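Shown next, in C-alpha cells, is the structure this report addresses.
Coordinate-derived values only; no laboratory data. Just so we're clear, the structure is a prediction, and the values are computed from it rather than from any experiment. All Cβ positions, even for glycine, are placed from backbone atoms using ideal geometry, and neighbour counts span all protein chains on display.
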C-alpha cells in the first residue's frame, strides 16, 4: 500500500484553504488539491508491503513517544510558497507560522526512525507546508508568481495533537486518503 506520515488539517480550515485557492483559479496550468484532504506530509514512504506496516507503526509510535519532548501544540497555517522555485514552479503551498518548529522536530524524529527501517529520507530540507495546487504547465506562471510575492494569507490556527500514518489510493478523480493509524502527541 502507498503510505505517508501526516498532520491533517481540521475540517473547519477546508473553506479557508479553498479561499486561498480561489486567488489562483485564473492561473492556467494549475491542478488544485482537495481542501478537505489538506495535510502536512512529514514523510512519504511510498509503496509498503502489508507485512511491514506493524513495524512502521512501532517506529512512528517510538518517534512520537520517545524522540520528542513536547505534547500537543497549536500551529498557524499561513503564507504562500512554491517548490522548487518561483522560476520553475511545480507545487504551490500554504506554510506554517507558529508551530513550524515543532513540525520540523516531528519530521526529524519520524525520518530518523524510518531511516532505521531502510526508508530513504527526503533529500530536501523539510519545510512544513500544505500543497494547494500543482503546476502542470507554465501558462499561469506570472499570476502564481505575483500572488506568492504579494499575498500573505492566514488560513487559520489548528491544534496538532497527533501524527497519522495515512494510506493514499490513486483514482480517476485524484487521490483519496484514509488513516491507517494515529499516534497521539
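Label sites at residue 74 and residue 136, each approximated as a point 7 angstrom past Cα along Cα to Cβ, lie 4.0 nm apart. Fully extending the segment from residue 169 to residue 57, taken as 0.36 nm per residue of separation minus the present Cα-Cα distance, adds 38.4 nm.
The stretch between residue 34 and residue 86, if pulled fully straight at 0.36 nm per residue, gains 16.4 nm over its current Cα-Cα span.
Seen against the Cα atoms of the chain and their longest principal axis, helix 141-150 is set at about 80 degrees.
Let me have the relative contact order for the chain, percent, based on Cα pairs under 8 Å that are six or more residues apart.
35
From the largest down, segment 1-83 spans 45, 31, 24 angstrom on the principal axes of its Cα atoms.
Distance from the alpha carbon centroid of segment 46-71 to that of segment 161-185 works out to 14 angstrom.
Can you tell me the relative contact order of segment 118-185? Whole percent, Cα pairs under 8 Å, sequence separation 6 or more.
22
With q set to 0.09, 0.12, 0.15 Å⁻¹, the log10 of I(q)/I(0) for segment 2-184, from the Debye formula over equal scatterers at the Cα positions, is -0.32, -0.58, -0.89. Extending 7 Å from Cα along the Cβ direction at residue 127 and again at residue 104 yields two label points whose distance is 1.3 nm.
Compared with the dominant principal axis of the Cα atoms in the chain, helix 100-116 is inclined by about 50°.
Between helix 53-66 and the chain there is an angle of about 90 degrees, using the helix long axis and the longest principal axis of the Cα atoms. Residues within the reach of a label modelled at residue 149 (point 7 angstrom out along Cα to beta-carbon, backbone nitrogen below 13 Å), restricted to segment 59-98, are 86-87.
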